[in-house]
Amino acid sequence: MTAVFNALHLQAATLDVIAATHAPASLLLQRQQQRLARLLDAARSGSALYRERIDPAVARAAHLGRMAPVARAELMNRFDDWVTDPALRLDELRDFTAAESRVGDAWQGRYVVWESSGTSSLPGVFVQDAQAMAVYDALEMVRHRASAGRGGGAGRWFGSFSAFDALGVTDRTAMVAATGGHFASVVSFERLRRLNPWIAQTAHCFSLMQPTDALVAALNEFQPTVLATYPTAAAVLADEAAAGRLRIRPRCVLTGGEALSGAAREHVHRSLDTVVRSSYGASEFLPMAWECAHGHLHLNEDWLILEPVDEHYRPVPRGQPSHTVLLTNLANLVQPLIRYDLGDQVTLHSQRCECGSALPMLEVAGRRDDVLRVPSRRRKGETISLLPMALCTVVEEQCGLFDFQLEQRDARTLVLRVPQHGEAAQAAIDRCCDALQDFAQAHGAEPISVLGELGCAVPRGRSGKACRTMMA
């Protein structure tokens, strides 16, 4: 099926992003306010939910501070009232995303659809039209590509991999991600392959759900020049390279989805002898921030608004970490997101970066879940690394559990905690224990025990997100 794409939209968005990239802050603010006014008008006219929430005076003044924040649960519970196209029905979209064979297909011939992984709450379904995708593509192509030297950028889910990006022309690109669902990373990557069939053989997605040995063998055979993955996965692959088992030399490693620590960055850089770049995005807006050559994230504030706030949704001064952050997506008029509680802890800075960009610098305290290591069945005295994203995908996708914590008590014992009580919760725990034991053994681990505990509050970090996997 044809992928969603409009060349005229992409051309217009690209020219705009090029012009704004080195524009003064006053011009960026002007663009932001014009787009906010357009978004508020579209939301009030097309969304029954937002007609209730947006006061006409707020729309006229384009002033967000007087609007109450929204959360994913409310929006998903009223999905059909939320979207501005009545042809978008949640039950039909759920059926669509349930079919793995349709990843990358255009819904109704004109929408890109992906689902969130459900790491912070109920999984969401997100819809973008060709105009919104053109903005994501342009931001990736102009700003993220430049930050990586050439090739594409990587948002939280590795961005949209622009249709006209140089990525794939001379590069061999490997994305290592959680497959098995319509996640933004996989959908975006498949969209690229469909828009650029001539690079289909040089851009491959590899599942991190497979055993590390199999993944290493596949990457050794493919020999990527660009590697996009999660920081924890990149660190494990760096371990494999340091041990001499992974024999690839990518010119760039692009990370997203989790926080990239300085230690992990240095480990990946040294072990793979490569440039490492991170960026920040979400299912709700793919390319929110890009990393410049000076190592700073820059917010694409000409196309989105991020409001760092405290626990009472009061503004937090620049330079101070927030309790959470409110996102307003200025590109998507089909599924308006206005003052949406994203749940991340961020710090916006007022000082200018040495790179000269007027786009504000941003720090993000993302998830820093632990890699769990269990004894290897194949190599005496060595361990097998169980990646957070892979473990979470097993629990979420195979067992349907979204609010949990997995702790490693000792070398061979994991403890799965959930806040629910009752028979249904116990049944979910039982399913998860079996699935996690099977997953570990499939990865070459010695038999492990997985214990379940009901009625346990899932601890959350300062970012507002649950700590999903941790060492005792």
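The values are calculated or read from the model by the stated rules, or taken from the named source; none is laboratory data. Remember, predicted model here, so these are calculated numbers, not experimental data. All Cβ positions, even for glycine, are placed from backbone atoms using ideal geometry, and neighbour counts span all protein chains on display. Heads up: the accessible areas ignore ligands, DNA and RNA and are worked out on the full protein's heavy atoms, side chains in. Shrake-Rupley method; radii C 1.70, N 1.55, O 1.52, S 1.80 Å.
Name the residues whose placed amide hydrogens come within less than 5 Å of the amide hydrogen of Ala228, ignoring near sequence neighbours (fewer than 5 apart) on the same chain.
Amide H neighbours of Ala228, under 5 Å, 5+ apart: Ala174, Met175, Val176, Leu254.
Multiplying the sequence separation of Leu15 and Ala62 by 0.36 nm and subtracting their Cα-Cα distance, what value in nm do you get?
14.4 nm
Which one of Ser271, Gln223, Ile199 has its Cα pushed farthest toward the positive end of the charge dipole of region 180-285, where Lys and Arg give +1 and Asp and Glu give -1 at the Cβ?
The listed residue farthest towards the positive side: Ile199.
Residue by residue through region 272-284, which ³J(HN,Hα) values in whole Hz follow from phi under the Karplus form 6.51 cos²θ - 1.76 cosθ + 1.60 (θ = phi - 60°), with glycine and proline marked x?
Karplus values, whole Hz, x for Gly and Pro: 9, 6, 8, 7, 10, 10, 10, 7, 9, x, 7, 4, 6.
Under Stokes-Einstein, with the Kirkwood radius over Cα pairs standing in for Rh, what whole-number D in µm²/s applies to the chain at 10 °C and 1.306 mPa s? Please report the intermediate quantities before stating the final value.
Numbers: Rh = 22.7 Å.
Value of D from the Cα-based Kirkwood radius: 70 µm²/s.
Could you run the Karplus curve 6.51 cos²θ - 1.76 cosθ + 1.60 with θ = phi - 60° over region 7-16 and give me ³J(HN,Hα) per residue in whole Hz, x for Gly and Pro?
These are the phi-based 3J(HN,Hα) values: 5, 5, 4, 5, 4, 5, 5, 5, 4, 5 Hz.
Longest exposed-loop-site-free stretch of the chain, with GluC sites (Glu not before Pro), DSSP loop and at most 16 other Cβ within 10 Å?
Free of exposed loop sites, the longest segment is 1-310.
Over 23 Å, how big is the tail of the calculated P(r) for region 356-448, in percent of all Cα pairs?
Above the 23 Å cut-off, region 356-448 has 34 percent of its Cα pairs.
Suppose we keep just the alpha-carbon trace of region 282-433; what are its Rg and Dmax in angstrom?
20.2, 59
Over region 1-90, how many percent of alpha carbon pairs lie in each 5 Å bin up to the one with the longest distance?
2, 11, 15, 17, 16, 16, 15, 5, 1
Classify region 170-289 as rounded, prolate or oblate, taking a ≥ b ≥ c as the square roots of the eigenvalues of its Cα gyration tensor: rounded when a/c is under 1.5, otherwise prolate if a/b is larger than b/c and oblate if not.
Oblate, since a/c reaches 1.5 and b/c is not below a/b.
Run lengths n ≥ 4 of DSSP H only: what is the helix-derived mean residue ellipticity at 222 nm for the chain, with -39500 (n - 2.57) per run over all residues, to the nearest 500?
When only DSSP H runs of four or more count, the value is -9500 deg cm²/dmol.
At 7 Å along the Cα-to-beta-carbon direction for both Glu266 and Gln437, put a label point, then send me their distance in nm to one decimal.
That separation, rounded to one decimal, is 4.1 nm.
Would you work out if region 280-330 is rounded, prolate or oblate? Take a ≥ b ≥ c from the square roots of the eigenvalues of the alpha-carbon gyration tensor; rounded if a/c is under 1.5, else prolate when a/b is larger than b/c, oblate otherwise.
Oblate is the answer for region 280-330, as a/c is 1.5 or above yet b/c matches or exceeds a/b.
For Arg94, Arg191, give me the order by solvent-accessible area with a 1.4 Å probe, most accessible first, ignoring ligands, DNA and RNA.
Of Arg94, Arg191, the descending order of accessible area is Arg94, Arg191.
What area, in nm² and to one decimal, does the C-alpha convex hull of region 223-302 cast on average over all directions?
For region 223-302, averaging the hull's shadow over all directions gives 5.5 nm².
Considering Cα pairs under 8 angstrom that are at least six residues apart, work out the relative contact order of the chain and quote it in whole percent.
14
Compute the length gained on full extension between Ser45 and Asn77: take 0.36 nm times their separation in residues and subtract their Cα-Cα distance, giving the result in nm to one decimal.
Working: separation 32, 0.36 × 32 = 11.52 nm, distance 2.01 nm.
Length gained between Ser45 and Asn77: 9.5 nm.
Per residue, how much accessible area does the chain show when a 1.4 Å probe rolls over the protein heavy atoms, in square angstrom? Intermediate values should be presented prior to the final figure.
Numbers: 18060 Å² over 472 residues.
Value returned for the chain: 38 Å² of accessible area per residue.
Using modelled backbone amide H atoms (1.01 Å from N, in-plane), which distant-in-sequence or interchain residues come within less than 5 Å of Val316's amide H?
Amide H to amide H, under 5 Å and 5 or more residues apart or across chains, Val316 pairs with Val309, Asp310.
Hey, got the dipole for the chain? About the Cα centre, +1 on K and R Cβ, -1 on D and E Cβ, debye to the nearest 20? Walk me through the numbers before you get to the answer.
On the way: 48 positive and 52 negative charges, 203 e Å.
For this selection, approximately 980 debye.
Report the full-extension gain for the segment Val275 to Glu221: residue separation times 0.36 nm, less the Cα-Cα distance, to one decimal in nm.
17.3 nm
Please work out the FRET efficiency for the pair Ser449 and Cys355, using the Cβ-Cβ distance as r and a Förster radius of 60 Å; give the result to the nearest 0.05.
Working: r = 50 Å, r/R0 = 0.84.
Efficiency for this residue pair is about 0.75.
Whenever you get a sec, compute what percent of the accessible area on the chain sits on carbon and sulfur atoms (1.4 Å probe). Spell out each step's value before the answer.
Working: 9240 of 18060 Å².
Solvent-exposed carbon and sulfur of the chain make up 51 percent of the total.
Tell me which residues come under 5 Å, amide H to amide H, from Ser279 once H is placed; ignore anything under 5 positions away on its chain.
Thr255
Taking the simple approach of a point 7 Å from Cα along Cα-to-Cβ for both Leu27 and Glu423, what is their distance in nm?
6.7
Mind checking region 66-99 for chymotrypsin sites (Phe, Trp or Tyr not before Pro) that DSSP puts in a loop (not H, G, I, E or B) and that have at most 13 other Cβ atoms within 10 Å? Walk me through the numbers on the way to the answer.
Numbers: sites: Phe79, Trp82, Phe96; in loops: none.
Qualifying residues, ordered by number: none.
Label Ala472 and Arg314 with points 7 Å out from Cα along Cα→Cβ: what is the distance between them in nm?
Simple spin-label model gives 4.2 nm for this pair.
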